[in-house]
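**Q** Have a look at this one.
The values are calculated or read from the model by the stated rules, or taken from the named source; none is laboratory data. This is a predicted model, so every value here is computed, not measured. Ideal geometry is used to build each Cβ from the backbone, glycine not excepted, and the neighbour counts take in all protein chains shown.
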Amino acid sequence: MGQAVEDTTAETAVPRARGSRTGPVVAAARIGIPLAFLAFLAAAPLMFVDSFLRTLSTVFMYVILAQAWNIIGGYAGYASFGNVVFFGLGGYTVAVLMTELRWPFWPALPVAAVVGAVYAAVIGLPVLRLRGHYFAVATLGVAEGTREIIINLPKLTGGGSGETIPAVGSLATTSYPGNAGFFYMFLALAVIATAVVWRVSRSRFGYALRSIHQDEEAAAAAGLNTTRTKVRAFMVSGALTALAGGIYAFQQVTIYPDRLFSVEITVLMVVMAVIGGAGTVIGPVIGAIGLEFLSEYLRQNVLEYHTLIFGAIIVAVILFLPQGIVSFSRDAWRRRRISLLENARRYSL
C-alpha cells in the first residue's frame, strides 16, 4: 500500500513539474518574440529602400493614432470622431514654433503634446457629458470648427495656403532627418503608445474606463468620478495623437489645414482600432498594419477601383468580425471552431 501511494505521488508530480516549466517558457516567448521583432524593425533602414521606409512610417503613424483612439473609444466606449483635431493641432504647434519662433524640432514636439492634452481637457469637460451619437457628432463639430479657426489665422498659420517648415538651408533650426529618421521616430512613438495602452489596460484607471463602458450609471453610483476619468482618458489620447501630428508635420515640411484636419484620418484610426479589436492592446496594432498595407497594395495594383475594393473589404470584415480580429481569434481558439456566419449571427445587433 505504501509503495502504491509513493508511485501515485511520483506520477502526479511529473505533470506538475512540466506545467511549472511551461510558465517560464511562455513568458519568455511573450517577451522574446516582440523584442526580436523590434530588433528586426530597428535594422529596417539597412534592408529596405526609402519608399518602403516611408510606407512603414505611415503604418506606425496609424498604429499610434489607433492606439490613442483606443483609450477613449475602446476602453471608455466613447466613440470620438474628432480625434483628428489633436493631430492637426500637434502638427501646427510644431510648424508655428519652428517657423515663427525659430524653435528646434525636439523642444517643439513635447509642447505639441501639452497643447493636445490641454485642448482635450478644455473641450472634454463639456463634450464628454454627451453620449452615443451626440458625443460623436459633437467631437466631429469641434474638429471642423478648429480647422476653420486655423484657416482664419493666416498671419500665424498660413491660412488655407498652408505653412512651410524650414527644413534645409540657413533657416532650418533642425536638420531634416530623412526617411530613416522619421521611421525611427514613428516606430519609437508606436512602441510608447502601445506600452501606454498596455499599462492602462492593467491599471485601476483602465478598470475604471471599462466600468464606464459597461454601465456608466452604475460606475457613478459606486463612487467613481466618471467625468474626471473620461477627461483624463481624453487627455492621454489627445497627447499621443498630437505627438504623431507633430512628427508628421515635420516629415511633410509643407502642411495644409484640409490635410491635417481631414475626417479621413479619424475614420481610418477608428476603423483600424475596431477591426483589430477595440478595447484590446494588440488589436489596433493588427488593424493598423493590416489595413494600411492592404490600402497600399490596392493603390499600387488596382488603380481605378482600389477605394471601392478597400471599402468593401472593410464592410465585410465588420459584418463577419464585429468584435474585432483579436477577440474573434481568442474565441475561435477557445471553442476550437471557426465559423464566420455563426459569428456574424452571434454578434448581430
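**Q** Suppose we filter segment 250-290 for residues that are among the hydrophobic types (A, V, I, L, M, F, W, C), assigned to a helix (DSSP H, G or I) and more than 29 Å from G145 (Cα to Cα); how many remain? Break it down into steps so the answer makes sense when it comes.
**A** First, pick out the residues of segment 250-290 that are among the hydrophobic types (A, V, I, L, M, F, W, C): 250, 253, 255, 260-261, 263, 265, 267-275, 278, 281-282, 285-286, 288-289.
The next check asks that each one be assigned to a helix (DSSP H, G or I); those that pass are 250, 260, 263, 265, 267-275, 285-286, 288-289.
Now drop any that are not more than 29 Å from G145 (Cα to Cα), which leaves 285-286, 289.
Total meeting the criteria: 3.
**Q** On the basis of being part of a helix (DSSP H, G or I), of a type outside the set (G, A, S), more than 13 Å from the chain's Cα centre (by Cα) and modelled with pLDDT of 95 or more, does T229 make the cut? Break it down into steps so the answer makes sense when it comes.
**A** On the way: part of a helix (DSSP H, G or I): yes; of a type outside the set (G, A, S): yes; more than 13 Å from the chain's Cα centre (by Cα): yes; modelled with pLDDT of 95 or more: yes.
When the stated conditions are applied, T229 passes them.
**Q** Do we have E304 as closer than 30 Å to I192 by Cβ, acidic (D, E) and modelled with pLDDT of 80 or more here?
**A** In short, no.
**Q** Looking only at residues in segment 232-253 that are closer than 22 Å to F182 by Cβ, β-branched (V, I, T) and in contact with a helix residue (DSSP H, G or I) (Cβ under 9 Å, 6 or more places away or on another chain), which one is surrounded by the fewest Cβ atoms within 10 Å (Cβ to Cβ)?
**A** By that ranking, first place goes to I247.
**Q** For a quick check of your reading of the model, give me the residue pairs whose first member lies in segment 104-120 and is free of Cβ contacts under 8 Å to residues at least 60 places away in the same chain and within 13 Å of Y92 (Cα to Cα), whose second is in a helix (DSSP H, G or I) and of a type outside the set (F, W, Y), with beta-carbon atoms closer than 7 Å and at least 6 apart or on different chains.
**A** Close Cβ pairs (under 7 Å, with a partner that is in a helix (DSSP H, G or I) and of a type outside the set (F, W, Y)) amount to V111/T93; V111/L97.
**Q** For segment 54-98: of the residues being outside any helix (DSSP H, G or I) and of a type in the set (S, T, Y), which is nearest to R259 (Cα to Cα)?
**A** My answer is S80.
**Q** To continue, here is another question. Any chance segment 121-133 includes a residue that's surrounded by 22 or more Cβ atoms within 10 Å (Cβ to Cβ), within 19 Å of G73 (Cβ to Cβ), under 19 Å from the mean Cα position of the chain (by Cα) and not small (G, A, S)?
**A** no
**Q** Anything in segment 257-277 that is of a type outside the set (V, I, T) and either at positive phi or crowded, with 20+ Cβ neighbours inside 10 Å (or both)? List them, or say none.
**A** Matches in segment 257-277: P257, L260, F261, L268, M269, M272, A273, G276, G277.
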